[in-house]
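The values are calculated or read from the model by the stated rules, or taken from the named source; none is laboratory data. Please read all numbers here as calculations on a predicted model, not as lab measurements. Positions of Cβ are generated from backbone atoms using ideal geometry, with glycine treated the same way; all protein chains shown enter the neighbour counts.
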Amino acid sequence: MYCLIVHKTVHFPSSSYVREFFFGQWSSKVRLDGKTVIITGANTGIGKETTRDLAKRGARIIMACRDIVKAKAAQREIVAESGNQNVLIRKLDLADTKSIREFADVISKEEKQLHILINNAGVMMCPYSKTADGFEMQFGVNHLGHFLLTFLLIDLLKKSAPSRIIILSSMAHSWGTIKLDDINSEKSYHNRREYGQSKLANILCARSLVKKLKDTGVTVYAVHPGIVRTELKRHMNLGLLCLWKMVRPFTKTSVQGAQTSIYCAVEPALDSHSGGYY
């Protein structure tokens, strides 16, 4: 008795196919016509792709950016692609409370409503430095800057309810603790640990806001976008960069990384589900 063995070539799916299968785009036809949205760090990475998507949905977008040159380039690209002329740029430096207050003053004077605030901007694992007000840079930008911005815009958000606040955190929240005895990391500094501290603060801030804004019509969501290929990795050391090259095929693009922010911004079912960490 003979056995016939047929040899076939097995084709394994490419890393791009696997990534698209597991990390594809969220599909929704929800429109945002008549809605006003502020997105910090809207000129690059996740912020830019979030801006692009919400602009296509008809929202009035305010790109809150520190680098106006890059912001204008992103604005031109997004307006051309979306056909939405209602995409504006306003200067915002989250490392300077003076800039934050000036931005909030401009918004309060120019805008009659604000429906969605996306606290997207951030810095990651940068060398030790301080903000204009003397705070450790990562904690100052990622948490304190956005905390002040949200506080200054909260009345406009309440007035425009139902409205949403979306805070970008990270699974890196598990890397750190809140060092109340050395909040500016002057005694010791570890860039990864301090990044984790800022991301943990983001989540704690979101949880606190949920309680304080109960029954106001303002809902709050924290977001972990995943491991995304953005400019944030520019401060990684050699060891982390080598590790990054190994895992890069399994990471998300900026478009894919923006999907959770977009979901939290537009999904109607979330109106009654404040406080989630997505």
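Mind checking which residues of segment 220-278 are modelled with pLDDT of 90 or more, out of contact with any His (no Cβ under 8 Å at 6 or more places or on another chain) and surrounded by fewer than 16 Cβ atoms within 10 Å (Cβ to Cβ)? Residues satisfying the conditions are PRO268, ALA269, ASP271, HIS273, GLY275, GLY276. Across segment 56-64, not a single residue is classified as of a type outside the set (Gly, Ala, Ser), surrounded by fewer than 19 Cβ atoms within 10 Å (Cβ to Cβ) and outside any helix (DSSP H, G or I). Remark: pairs (first residue in segment 79-90, in a strand (DSSP E or B); second residue of a type in the set (Phe, Trp, Tyr); Cβ separation under 9 Å; 6+ apart in sequence or on different chains) = ARG90/PHE103.
Inside segment 257-278, residues that are under 21 Å from GLY45 (Cβ atoms) and in a helix (DSSP H, G or I) make up a count of 9. Would segment 143-165 turn up any residue that is among the hydroxyl-bearing types (Ser, Thr, Tyr) and farther than 25 Å from PRO268 by Cα? No, because not a single residue in segment 143-165 is among the hydroxyl-bearing types (Ser, Thr, Tyr) and farther than 25 Å from PRO268 by Cα. Does ALA172 satisfy the condition of being at pLDDT 95 or above and buried (at least 16 other Cβ atoms within 10 Å of the Cβ)? No: the conditions fail for ALA172. Can you spot a residue in segment 136-150 that is surrounded by fewer than 17 Cβ atoms within 10 Å (Cβ to Cβ), of a type outside the set (A, V, I, L, M) and at pLDDT 95 or above? Checked against the condition, which is being surrounded by fewer than 17 Cβ atoms within 10 Å (Cβ to Cβ), of a type outside the set (A, V, I, L, M) and at pLDDT 95 or above, segment 136-150 yields no hits at all. Restricting attention to segment 54-69, the residues that are farther than 13 Å from LYS35 by Cβ, of a type in the set (D, E, K, R) and touching a Leu at 6+ places or on another chain (Cβ under 8 Å) add up to 1. Can we say LEU204 is assigned to a helix (DSSP H, G or I), free of Cβ contacts under 8 Å to residues at least 40 places away in the same chain and not acidic (Asp, Glu)? For LEU204, the condition - assigned to a helix (DSSP H, G or I), free of Cβ contacts under 8 Å to residues at least 40 places away in the same chain and not acidic (Asp, Glu) - is met. Residues considered: ILE167, ILE178, ILE107. Of these, the only one that is part of a strand (DSSP E or B) and at negative phi is ILE167. Restricting attention to segment 120-154 and to residues that are in a helix (DSSP H, G or I) and among the β-branched types (Val, Ile, Thr), the residue that is farthest from TYR221 (Cα to Cα) turns out to be VAL141. Pairs meeting the criteria (first residue in segment 142-164 and more than 16 Å from GLU102 (Cβ to Cβ), second residue in a helix (DSSP H, G or I) and of a type in the set (Asp, Glu), beta carbons under 6 Å, at least 6 apart or on different chains) are PRO162/ASP271.
Within the set ASP93, ASP67, ASP105, the sole residue that is touching a Ser or Thr at 6+ places or on another chain (Cβ under 7 Å), over 21 Å from GLN25 (Cα atoms) and not aliphatic (A, V, I, L, M) turns out to be ASP93.
Exactly one residue out of VAL79, VAL87, VAL6 is among the β-branched types (Val, Ile, Thr) and at pLDDT below 95, and it is VAL6. In segment 35-55, the residue that is farthest from the chain's Cα centre (by Cα) out of those that are part of a strand (DSSP E or B) and crowded, with 24+ Cβ neighbours inside 10 Å is VAL37. In the condition set (1) outside any helix (DSSP H, G or I); (2) crowded, with 23+ Cβ neighbours inside 10 Å; (3) of a type in the set (A, V, I, L, M), ALA95 is compliant with all but (2).
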